[in-house]
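The values are calculated or read from the model by the stated rules, or taken from the named source; none is laboratory data. Remember, predicted model here, so these are calculated numbers, not experimental data. With ideal geometry, Cβ positions are generated from the backbone for all residues, glycine too; neighbour counts draw on all protein chains shown. Only protein heavy atoms, including side chains, enter the accessible area calculation; ligands, DNA and RNA are left aside. Shrake-Rupley method; radii C 1.70, N 1.55, O 1.52, S 1.80 Å.
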Amino acid sequence: MVTPSLQLLSEHACFGGVQRFYQHDSAAIGLPMKFSVYLPPQASNQRVPALMYLAGLTCTEETFATKSSAQRVAAELGLALITPDTSPRGAGIAGEADSWDFGVGAGFYLDATRAPWSTHYRMESYLLQDLLPLIGDALPIDVQRLGITGHSMGGHGALTLALRHPGRFQSLSAFAPICAPTQCPWGHKAFSGYLGDAPAAWQQHDASALMGLRSSPVFAQGILIDQGQGDKFLDTQLHPHLFEQACATAGQPLTLRRHAGYDHGYYFISTFIEDHLRHHALALV
């Protein structure tokens with residue numbers, strides 16, 4: 001049964017299923033939050049597994065639904081698609097909308113510990129404690145059969161959340177993720193703002209550092225990452241080679257595909273999204 005706080009904003013028939021956009025009250029954030037869900041046709045008569053997609057800097061809960069071309073294959077596979085917003089909205093913090101890579105649209109999928117951000121910028125708790133339980137209760141989705149993926153900042157979120165919460169996600173992939181945020185300008189800006197001068201806390205949200213603590217595989221079926229070689233952020237912000245090295249040391253199977261000519265945007269994502277959906281379906285469907 002739909003809970004009273006869950007408000008359906010719009011829905012659209014799509015490949016035999018339905019693309020929906022919701023708003024709800026979040027206890028973790030303390031503000032209303034939006035998310036999107038694609039329900040495949042199979043959800044009309046049974047609970048279906050799901051893939052959570054975490055979007056990148058400046059994006060919203062609508063970006064993936066409108067730009068990725070993911071619904072056609074998701075309908076074939078019987079896979080729901082969940083996309084949360086990328087940050088709280090309306091927190092009223094001075095300067096929160098001044099930068100495109102910090103504050104609004106740039107929550108980095110962590111719980112801020114530094115004031116004033118710590119009051120509302122609690123995206124990790126929001127996803128795990130608010131959104132997923134709500135979806136499991138209100139929608140025909142089996143949140144125990146859940147994969148996670150994401151792009152750029154969202155790729156960072158997918159990798160770190162999967163490593164920080166072993167067993168919560170059954171499959172993992174990413175597009176052009178920020179693989180070592182403690183070693184790039186985006187990460188330095190976000191972590192110093194949200195977490196303060198706390199190197200140990202920074203390491204807990206760095207996928208390469210987290211994988212470096214492992215001595216055995218987390219995902220035996222492997223992790224899939226796609227990276228465009230024409231990505232202007234590759235050398236300065238993303239550092240996939242560091243995550244690749246950490247996976248090799250940990251014995252974690254990783255397929256890191258490097259694609260000549262592809263940039264950082266959704267033309268790149270839409271080209272390879274089918275491969276990611278099928279990667280997750282092997283573990284979930």
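Please give the net charge around Arg47, taking every other residue with its beta carbon less than 13 angstrom from that of Arg47, where Lys and Arg add +1 and Asp and Glu add -1.
-1
Which net charge results when you count Lys and Arg as +1 and Asp and Glu as -1 among the other residues whose beta-carbon is under 14 Å from that of Gln71? Intermediate results must be reported in sequence, preceding the final value.
Details: positive: Arg20, Lys67, Arg72; negative: Glu11, Glu62, Glu76, Glu274.
Around Gln71, the surrounding residues sum to -1.
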Which value, in debye to the nearest 20, describes the size of the charge dipole of the chain about its Cα centre when Lys and Arg Cβ atoms bear +1, Asp and Glu Cβ atoms bear -1, and nothing else is charged?
380 debye
How big is the shadow of the Cα convex hull of region 193-258, averaged over all directions, in nm²?
5.2 nm²
Counting only Cα, what are the radius of gyration and maximum Cα-Cα distance Dmax of region 167-218, in Å?
12.3, 33
Can you give me the distance in nm between label points at Asp137 and Ala220, each placed 7 Å from the Cα along the Cα-to-Cβ direction?
3.4 nm
Once you treat every alpha carbon in region 85-125 as an equal point and sum by Debye, what is log10 I(q)/I(0) at q = 0.35 Å⁻¹?
-1.46
Once you place label points 7 Å from the Cα toward the Cβ at His12 and Thr58, how far apart are they in nm?
2.1 nm
Provide Thr182, Thr83, Thr249 ordered by accessible surface of protein heavy atoms (probe 1.4 Å), highest first.
Thr249, Thr182, Thr83
Restricting region 204-271 to trypsin sites (Lys or Arg not before Pro) in coil, as DSSP defines it, with at most 15 other Cβ within 10 Å:
Lys232
Calculated FRET value between Asp235 and Ser44, using beta carbons and R₀ = 45 Å, to 0.05
0.45
Would you kindly compute the Cα radius of gyration of region 105-232 and its largest Cα-Cα separation (Dmax), both in Å?
14.8, 43
